[in-house]
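The values are calculated or read from the model by the stated rules, or taken from the named source; none is laboratory data. These numbers come from a predicted model, not from an experiment. Neighbour counts run over all protein chains shown; Cβ positions are idealised from the backbone, glycine included. SASA here: full protein model, heavy atoms, side chains in, ligands and nucleic acids out. Shrake-Rupley method; radii C 1.70, N 1.55, O 1.52, S 1.80 Å.
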Amino acid sequence: MYFEAIITIDPSQMTKIERVKPTKAFKKILYFLTAGKSSEQEEQETFTAVSILQQLFKVCKHQNINNIIRLSHDDIDFYNDTEGKKDDLKDALSHYDLSIDLSMSEYFKKLSMVLEHEDATFKYLLDFNIFKNHKVGAHPIEIKINAFLKDFKASQETSEEIKEKFQNRFSSQEALNQFKMEKHSLFETFINEFKYSINRNMHVDAVESNILSKVVVPKKKYNSKMEFESDIYDYDYYPSYYSYHGFDSFLFYTMAWSSFNHEHSYEFTDTHFENETGEVLGYGESIDSSSSFFSDSESVDENCNDESTFSGFDNSSSDSSGEEYSTVESGGSWFDSFSSSDSSDSSDSGSSCSSCSSCSSCSSCSSCSSCSS
């Protein structure tokens, strides 16, 4: 089990976000993305997106979340921490250089920023995405926060040793329910504080969130953490956070959770299920874990499709690949609401900087006024 929260900001609130000139690392991102642009509209939109990304990082700093893992543009990395450095935004791009090629100068579809954080209860992964085109009915700014339980962090345990930890903690259904309720409440408090920080630092009120309790039902049984690590690093179809430094120690316990509950016939309530590759299996209001769906010796895919096995199980959302996306292109996207009133900001921080070759490091530049701040 782990928890996931999806936080979104309503597009109608976009114009209330103050656009500020990107500085330091974010100025360098802006330079990479605007170099070679011919469309003033695209430069304005890129400026807006980078500005919003910088303000989201400000929200994180306000919550003492400052350990950045990744900055990327359409899955092309500006920065990717593979060593587990701490408080590293300051140096993230100052020692990291990218050549300006076609892949970097194309107009972005998605800007992403990933940070990690931990407290006494959870190891958090915060994934920020700003979309140019987004799913119909969805919002262009999405923050996904995953929270893994530190109680069951693995060193080099086997799945049986992890199950012993579960057994010591969950002597009954009541104990399991109480544990879940307490952890859910702590996570909800964290999310509410984070939303308040968004309201305070970005001055927007329409911030929505949804918290999910999730259980991983793996397609195969992993007997040890070493076996799990070997598998996820050999294949590229796992969720991207599987490869982030240090998270394997927290992810391994999720592989044994459903198997443990199957052995003890506990009840899952209000739970979302997925396999180890991140594929959604469905949602259940109330499901007994004695079902063969949770068995190590059964096929997950076959059991998921056997509707007679479940009561209250819904796997209608198991395939989202066919969902429609907004087809609005530049000149008609949600960025338009910014460009009409603040276009001068874009020219100050975007096109001027991209015309100055000495701004490639964006540290200091006396010949380009936009780089002086």
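The residue that is nearest to Met226 (Cα to Cα), among those in the stretch 143-157 that are open to solvent by less than 50 Å² (accessible area, probe 1.4 Å) and at pLDDT below 90, is Glu157.
Among Gly278, Gly246, which is the only one that is open to solvent by less than 50 Å² (accessible area, probe 1.4 Å), assigned to a loop (DSSP other than H, G, I, E, B), touching a residue at least 24 places away in the same chain (Cβ under 8 Å) and under 14 Å from Tyr2 (Cβ atoms)? Result: Gly278 is the single residue among Gly278, Gly246 that is open to solvent by less than 50 Å² (accessible area, probe 1.4 Å), assigned to a loop (DSSP other than H, G, I, E, B), touching a residue at least 24 places away in the same chain (Cβ under 8 Å) and under 14 Å from Tyr2 (Cβ atoms).
Among the residues of the stretch 23-77, just one is acidic (Asp, Glu) and under 27 Å from Asn199 (Cβ atoms), namely Glu45. In the stretch 193-225, the qualifying residues are those that are within 21 Å of the chain's Cα centre (by Cα) and at pLDDT below 85, and the one that is farthest from Gln63 (Cα to Cα) is Ala206. Within the stretch 106-113, does at least one residue satisfy the condition of being at pLDDT 70 or above, under 21 Å from Arg200 (Cβ atoms), of a type outside the set (Phe, Trp, Tyr) and touching a strand residue (DSSP E or B) at 6+ places or on another chain (Cβ under 6 Å)? Yes, that holds for at least one residue.
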